[in-house]
Structure formats: C-alpha cells, structure tokens
Ligand code: FES
C-alpha cells in the first residue's frame, strides 16, 4: 500500500488528481526508478522527480505531485511543500519558453527593471503571465550569479547576457516567430519541457550541447587572471554592449579601477614590520 493509499485509509485529505494514462504512467515510472536508484534514500530524489513530471506536462500538476508521492512513499502534503517552495517548478501551465528578467539589485540598476517593464508592455502580460500563443511566459527572477553580465535574461535557464530593451524585445519576438535563438553562452536553447527533462538528470543528447556548457564566461574570469599575475590589460574583458568610446586613461594610471589595484593589506597587520596603520598615521 502506498503512503497516499494509507492516507486515504486513515481518512487524511488527499489532493484530487486524475491518474496519468497507463502508458504515460508506465514510462514515467521507469524513468523514476532510474532516478531513485541514484540516491541512497528514495526521498532524496524528490527534486529531480518534480522536474520529471514537469517535463511531461510543462508544469507540476496535482497528478504529478501524486505520482511523486507514490514513487517516494511520501504524503502529497510533503511533496506540495517542496514543489511550492522552489520557483523553478511551475504550478500552472505556461509557455514553451520561460523568459526570466533578473531584477535583483545589480541587474535592476543596469537596466533590468526597465527591460522587465518594456517586456510586460510589449508582450501584453504581467509577471507570471503567458502570451496567448502559448510561446512565452514572463517573470522576474532573482540573481542568477551572472551579475558580471548584467542585465541578464534567462530563457529556460539559459543565459542571455548584457541585454538592452531592444535586444530583449527582439529576443521574445524571435522566440514567438520560431526563429533560431542562441544563448550568449552555454548549451543551445530547447523547450521548457526538454529543459525539465535534462534537469531531472537525463542526458542532453543534442550534438555538442554538453561541450557547450563548459567553462565560465570571460567576465567571470577577470579575478582569476589577476590572481595568476596576468596584467589587468590582459585580463580585461569588454562587454558586447560597451560600444561607446572610452575615456582616455589618465597619465600614470596603472589599473582598470580602484577595485583592480593591489591592496596594501599587510600594512594593517600587527605582525607586519611596518605595524598597523592608524588614522593618525602612527
Ligand atoms: S543581480 Fe542579476 S544576475 Fe546577479
């Protein structure tokens, strides 16, 4: 007897959830067994199983949550608690492409807020809304650790860096028109359902897709290059958006900015021969 069946027998409320068709259930069950076998404890497989059911319907339905509960011997309440906590799980049907605009601090001040407002007007949907053609779901998202490429858009969790209002509008127009769209870095774009299956832990079998995901973007590597002793000029990365002419460097300037300059931290070390430096210079 599954946990949900036990719950019913004990009079516990269960979510009304129609069953998957038999062939779909059998296919998902085989996939679920493979996922669960990767974990020492079955319940640890809940997150990938939620991605699995999301890959079937495009969102985590009550049927999907019931399926997860049955596979993992959890209650639907436990599954629901997890599915509603993480924003990567949709609770209702959405578009083929999930377009997320980062509106956290750095992206916001670099243009993310303006891009999000412009896309809402351009697409005629609000936050969490889906266009009538079922192609685009728009949402604002939290920081995706890509602040060095701000402002950033994510489409089905692939990066579109250094965006502008114009490039963002062009991006969603191309997606709606079915045009080929290439992320700035990482694997080629695929549909939301396909992305969900990859996130469930199944291999991305598109030629070259795995190889394309390797490595950090150049802007993320500046600090590493500086730490290795490469000159700031060699480590310098120019944003694709930075087409505007730059100011000529000041005579004698050695560094890109004050942040790039080596800091004399040893001078504040009490153990350093020079001793700590006080405000009075003692
Ligand atoms: S603030 Fe947008 S990626 Fe960090």
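Computed from the coordinates by the stated procedures, all read-outs in this text should not be read as laboratory data. Model, not experiment: these values are computed from the prediction. Glycine gets a Cβ as well: all are built from the backbone with ideal geometry, and neighbour counts include every protein chain shown.
Subtracting the Cα-Cα distance of residue 206 and residue 75 from 0.36 nm times their residue separation leaves 43.5 nm of extension gain.
A straight line joining the Cα centroids of segment 95-155 and segment 191-217 runs 21 Å. Here residue 19 and residue 213 are evaluated by their C-beta separation; at R0 = 25 Å the FRET efficiency comes out at 0.10. When its C-alpha radius of gyration is set against 2.2 N^0.38 Å (N residues), segment 13-85 gives a value of 0.99.
For the pair residue 164 and residue 84, label points projected 7 Å from Cα toward Cβ lie 4.4 nm apart. Spacing of the modelled spin labels on residue 230 and residue 106, each 7 Å from Cα toward Cβ, amounts to 1.8 nm.
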